[in-house]
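Novice: Below is one structure. I have some questions about it.
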Amino acid sequence: MTLQEIVSLLDLKIVNEGKSLETIEPTGGYASDLLSCVMAGAKQGFVWVTLQAHLNIIAVAALLDLSAIIITEGAQPDPVTLAKAQEQSVTLLWTEMTTYEIVGRLWELGITASK
Amino acid sequence: MDAISEQEAKGITRAEELAYQLKVSQAMTSEVKLVDPDMKMAEVLELLRLEHISGSPVVENGHLIGVISIEDLIRSMSLGELNSPVRNFMSPTVISVRSYDPLVKAIEAFMVQKVGRLPVLDETGKLVGIITKGDVTRGVLVALQRDIQEEEIRRYRASHLFEDIISDRTTLVLRYQIKAKDFNQGGTASSNIKRALLRLGANTQVARRCGIAIYEAEINLIIHTSYGGMIRVEIEPQAIIIIATDEGPGIEDINLALQPGFSTATEEIRELGFGAGMGLSNIMRCVDHLNLESTPGQGTRLEMKIFLLPEEILRQSATQE
């Protein structure tokens, strides 16, 4: 399933499109707000669900080659974070839903812990 | 043009940047079909059809006097005036751009003046080309493509570094100064090192392992040190050695610090998502050898080594020597 399909099915807002959403298929998902846990647990191509919205999430996603970050509970990324996302071609998505809800919905769509 | 703040400058995409860097002359069409003002509209119809163009400059005695476009042609057809001369239907030229203008000038004119094409003049006012929105898009795409090729060339050159320089032992040393408490720069050094390794021909797995290990070391220097520190990366064809040093405050109990989940980070730092106590265990997972020495009050030295497998060595053709 492509990121584009996930965005429409879960009604996510696109904050930054790092790479064309139609061409990227997440290989799995990971949820945590602790960056080092993400460093340990998220694998290449995963979508990462978090309510952190500050600058450092971009570096984490870029270093791990994640397919997208979904920021939950309406947390607002600041302009510096957005600029960094554009510079590093990191896809940033945004929702009012909770992490729990988004993870459940992703799992239903077949985005599981790994593939 | 207003000066833009650094903040705004960071938000500018590469395509926008190119619109300022590229000149109109680099995107325009220079083989222009010229139209005489006394030509009939029916002839313009034929010209546009045969040349697959949507408009042409109108020139009289070597001077640009207007532009005739497909919209003007439709207007003449609807009035049944295909036998009228061009001068009755053309748009008299009020705006043009110069060949040495930045591309953004043409983009602004398209937006503000609602025109589809602009005549391009040189320093002396002579018509040298025409530019359409399609030309702008094509110009930017070609330049982006060139960016990609340049990255490939950089990668190609860097990947030959270890082959081209003959010595008994070649080491490339990269040094990065890390500032204490500067969270905004967190991940910058590790991202730069990862890119450098990829350019040197490291496979993505090796670059990722180094990236993660260096990220954690970098964040530790930012969170915990009094005066920041230094990351030194020694790259050899068969091994990558990373040394992170600082001048304090030092670690009280190294064994405790190495335990997953143990952290001395403040509540404030944890709220940012740091201080999970996983940094050093993440590093251990990514490197083949780790040595941590620390003296409270003096400083800390963290050495990490990654040994490359035969198929990962940063030198493809020199294995037989």
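Novice: Residues of region A:66-86 being charged (D, E, K, R) and either surrounded by 24 or more Cβ atoms within 10 Å (Cβ to Cβ) or within 7 Å of chain B (Cβ to nearest Cβ) (or both), which ones?
Specialist: Matches in region A:66-86: A:LYS84 only.
Novice: Going by what's in this entry, would B:THR204 be described as within 19 Å of A:LEU66 (Cβ to Cβ), β-branched (Val, Ile, Thr) and modelled with pLDDT under 90?
Specialist: yes
Novice: Here are some residues: B:GLU236, B:GLU216. Which one is away from chain A (no Cβ under 13 Å) and modelled with pLDDT of 90 or more?
Specialist: B:GLU236
Novice: Let me spell it out: the conditions are (1) buried (at least 19 other Cβ atoms within 10 Å of the Cβ); (2) under 22 Å from B:TYR156 (Cβ atoms); (3) aliphatic (A, V, I, L, M), and B:LEU174 meets all of them except one. Which number is the exception?
Specialist: With (1) buried (at least 19 other Cβ atoms within 10 Å of the Cβ); (2) under 22 Å from B:TYR156 (Cβ atoms); (3) aliphatic (A, V, I, L, M) applied to B:LEU174, the lone miss is (1).
Novice: Of everything in region A:87-97 that's in a loop (DSSP other than H, G, I, E, B) and under 12 Å from the mean Cα position of the chain (by Cα), which residue is nearest to the other protein chains (Cβ to nearest Cβ)?
Specialist: My answer is A:VAL90.
Okay, residues lined up against (1) more than 35 Å from the chain's Cα centre (by Cα); (2) among the β-branched types (Val, Ile, Thr):
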position	(1), (2)
B:LEU34	yes, no
B:ASP72	yes, no
B:SER84	yes, no
B:GLU108	no, no
B:LYS114	no, no
B:LEU121	no, no
B:ILE130	no, yes
B:GLY134	no, no
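Novice: Taking region A:41-71 on its own, how many of its residues are out of contact with any strand residue (DSSP E or B) (no Cβ under 6 Å at 6 or more places or on another chain) and in contact (Cβ under 8 Å) with a residue 40 or more places away in the chain?
Specialist: Of the residues in region A:41-71, 3 are out of contact with any strand residue (DSSP E or B) (no Cβ under 6 Å at 6 or more places or on another chain) and in contact (Cβ under 8 Å) with a residue 40 or more places away in the chain.
Novice: Determine which member of the set B:VAL136, B:VAL120 is assigned to a strand (DSSP E or B), surrounded by 13 or more Cβ atoms within 10 Å (Cβ to Cβ) and of a type in the set (A, V, I, L, M).
Specialist: Values: B:VAL136 fails: assigned to a strand (DSSP E or B).
When all the criteria are applied, what remains is B:VAL120.
Novice: Within region B:194-213, track down each residue that is buried (at least 24 other Cβ atoms within 10 Å of the Cβ) and more than 10 Å from chain A (Cβ to nearest Cβ).
Specialist: The answer is B:LEU197, and nothing else.
Novice: State all residues of region A:98-113 that are of a type in the set (Ser, Thr, Tyr), surrounded by 13 or more Cβ atoms within 10 Å (Cβ to Cβ) and not in a helix (DSSP H, G or I); if no residue qualifies, say none. It would help to see each step written out before you state the result.
Specialist: Applying the first criterion (of a type in the set (Ser, Thr, Tyr)) to region A:98-113 yields A:98-100, A:112.
If we keep only those that are surrounded by 13 or more Cβ atoms within 10 Å (Cβ to Cβ) too, we end up with A:98-99.
Correct list: A:THR98 only.
Novice: Considering only region B:253-272, state which residues are surrounded by fewer than 13 Cβ atoms within 10 Å (Cβ to Cβ) and of a type in the set (A, V, I, L, M, F, W, C).
Specialist: B:LEU256
The values are calculated or read from the model by the stated rules, or taken from the named source; none is laboratory data. For clarity, every value in this text was computed on a predicted model and none was experimentally measured. Methodologically, a virtual Cβ is constructed for each residue, glycine included, from the backbone with ideal geometry; neighbour enumeration extends over all protein chains shown.
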